[in-house]
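Undergrad: The structure is given below, and queries will be raised subsequently.
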Amino acid sequence: MKIRIVQHPMGHGFPRADADQIMAILGHPRGWATRGHAFERVWSGGDVIVYLRPPAYMARRFGEPELRSLSVTESVVGQPYRIHIHASNWNRVPSGFEGDLATYRAYLIQHEIGHCLGHGHEPTPPVVGHDLLPPCPVMYQQTRGTRGRCSPNYHPLASEARGRQTPSHA
């Protein structure tokens with residue numbers, strides 16, 4: 001899969017170090033890459049285009065209440081997937097996510113690429129109420145919260161890597 005990461009045009013891009021970080025996340029030995037998927041960075045074209053978008057852009061473009069403050073993957077037949085990373089999410093850990101920024105960023109990229117690979121959302125895990133939480137599925141919307149449900153995780157679980165599901169948009 002060819003990945004184009006937009007860097008700084010009109011304020012809608014990633015700094016170079018962040019773009020390099022995205023490719024390192026995609027190549028992680030426990031990520032989608034070891035599930036039979038290869039990722040190559042390209043500077044034009046591509047199967048997937050990744051944008052860093054300011055909150056005002058995201059609110060205008062994706063105004064639905066259920067998408068508020070989320071990153072979104074768009075799929076249009078015959079066009080590359082477009083991943084719109086909400087800048088607030090990229091630069092700050094959401095309040096319900098119990099992990100650090102590096103873990104959150106890795107989850108965010110693996111989750112959105114999961115949509116490009118045909119995976120939909122996993123259901124919300126039940127509240128467990130003890131300290132030994134299982135890892136969250138990478139396709140669970142961890143941005144909405146992990147506290148008491150599962151431990152933050154950016155690796156696809158074995159159950160997620162098996163079947164392709166209908167892609168979702170957030």
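The values are calculated or read from the model by the stated rules, or taken from the named source; none is laboratory data. It should be emphasised that the depicted structure is a prediction, and the values quoted were computed from it without experimental measurement. Cβ coordinates were reconstructed from backbone atoms using ideal geometry, including for glycine residues, and neighbour counts include every protein chain displayed. Note: accessible area is taken over every heavy atom of the protein model, side chains too, but ligands, DNA and RNA are not part of it. Shrake-Rupley method; radii C 1.70, N 1.55, O 1.52, S 1.80 Å.
Undergrad: Given G11, G46, G78, which one is at pLDDT 95 or above and either over 17 Å from the mean Cα position of the chain (by Cα) or polar (S, T, N, Q) (or both)? If you could, list the steps in order and put the result at the bottom.
TA: Working: G11 fails: at pLDDT 95 or above; G78 fails: at pLDDT 95 or above.
Going through G11, G46, G78 in turn, the sole match is G46.
So that you can scan it fast, the table gives a plain yes or no per residue for (1) farther than 17 Å from H28 by Cα; (2) crowded, with 16+ Cβ neighbours inside 10 Å; (3) at pLDDT below 95:
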site	(1), (2), (3)
S69	yes, no, yes
H84	yes, yes, no
P125	yes, yes, yes
V128	yes, no, yes
Y154	no, yes, no
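Undergrad: Tally time: how many residues in segment 5-59 are among the polar types (S, T, N, Q), free of Cβ contacts under 8 Å to residues at least 40 places away in the same chain and open to solvent by less than 70 Å² (accessible area, probe 1.4 Å)?
TA: Going through segment 5-59 one residue at a time, the tally reaches 1.
Undergrad: Still on this structure, please answer the following. So which residues in segment 108-136 are part of a loop (DSSP other than H, G, I, E, B) and under 14 Å from the mean Cα position of the chain (by Cα)?
TA: L117, G118, H119, G120, H121, E122, C136
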